[in-house]
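Here is the structure we will look at, set down as structure tokens.
The values are calculated or read from the model by the stated rules, or taken from the named source; none is laboratory data. If you're wondering where the values come from, they're calculated on a predicted model, not measured in any experiment. Here Cβ is always computed from backbone atoms with ideal geometry, including for glycine, and neighbour counts include all displayed protein chains. Keep in mind that these areas ignore ligands, DNA and RNA; they rest on the heavy atoms of the full protein, side chains included. Shrake-Rupley method; radii C 1.70, N 1.55, O 1.52, S 1.80 Å.
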Amino acid sequence: LTAYEEAAKIYPLWAEERYVALFDRGRATSLNLFEHVHGDARDRGEAMVELKSVYARAGFELTAKEMPDFLPVLLEYLSCRDMAEARDMLGDCAHILRAIGEALIRHGSPYSAVFEALLRMIGEKGLDAKAAAHRAEESEDLDRDWREEPAFAPGAPQGTR
């Protein structure tokens, strides 16, 4: 295979790893909205049941694998609703959208533009790069608390499973 063909084979995995590292391995950039409000508390489950019932009343059904508080799911639901409802629901979570967007700025991610657009769409002030820099330490603490240790750490003594 040529170098180009090798890169083409590897690229999808590389892109997936970058996405997972950004959105699934840190609390500050988690796309599960209630994670930012409730963490792992029982209240999160209750809030998800309530949100799922909002979806159901509108005829929007989730698959078994979808979490109701996952931002892409919420945006898919809102894409089928009128603009007033979309602005209202996104307005309720504007502080979360801002926190995620500013965390993405700190990571140098172009995905921050999505959060900028969502905030502007609902009439909110856009993201603040200076505020994002000041919140860097707080976000690092959140990510450190959320991080799981690997099951088999390199250099771990043999036989310690």
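Give me the net charge of residue 125's neighbourhood, meaning all other residues with Cβ under 11 Å from the Cβ of residue 125; Lys, Arg count +1, Asp, Glu -1. Each step should come with its number before you reach the end.
Details: positive: 98, 120; negative: 116, 124, 128.
Net charge around residue 125: -1.
Using a simple spin-label model with points 7 Å from Cα along the Cα→Cβ vector, what separation in nm is obtained for residue 25 and residue 83?
Output for this residue pair reads 4.1 nm.
Please work out how much length the chain gains when fully extended from residue 128 to residue 92, using 0.36 nm per residue of separation minus the C-alpha to C-alpha distance, in nm with one decimal. Walk me through the numbers on the way to the answer.
Details: separation 36, 0.36 × 36 = 12.96 nm, distance 1.91 nm.
Fully extending the segment from residue 128 to residue 92 adds 11.1 nm.
Just the accessible area for residue 70, please: 1.4 Å probe, Å², rounded to the nearest 10?
Approximately 60 Å² of residue 70 is accessible to the 1.4 Å probe.
How big is the dipole moment of the range 1-122 about its Cα centre under a simple scheme where the beta carbon of each Lys and Arg is +1, that of each Asp and Glu is -1, and everything else is neutral? Debye, nearest 20, please.
Once rounded to the nearest 20, the dipole reads 180 debye.
Would you please classify the overall shape of the range 61-112 from the alpha carbon gyration tensor, given that a ≥ b ≥ c denote the square roots of the eigenvalues, rounded means a/c under 1.5, and beyond that prolate means a/b larger than b/c while oblate covers the rest?
Oblate shape, in that a/c is at least 1.5 and b/c is the bigger or equal ratio.
Nearest 0.05, what FRET efficiency do residue 41 and residue 16 give at R0 = 45 Å with Cβ-Cβ as r?
So, using R0 = 45 Å, E works out to roughly 0.90.
Taking only protein heavy atoms into account and a 1.4 Å probe, give the accessible area per residue of the range 1-126 in Å².
Result: 61 Å² per residue.
According to a simple spin-label model (label point 7 Å from Cα along Cα-to-Cβ), what is the distance in nm between residue 53 and residue 75?
In this crude label model, residue 75 to residue 53 measures out at 2.8 nm.
Is the range 1-127 rounded, prolate or oblate when judged by the Cα gyration tensor, a ≥ b ≥ c being the square roots of its eigenvalues, rounded requiring a/c under 1.5 and prolate requiring a/b larger than b/c?
prolate
Which percent of Cα-Cα pairs in the range 35-84 sits in each 5 Å bin, short to long?
For the range 35-84, the binned pair fractions read 4, 19, 30, 25, 14, 6, 1 percent.
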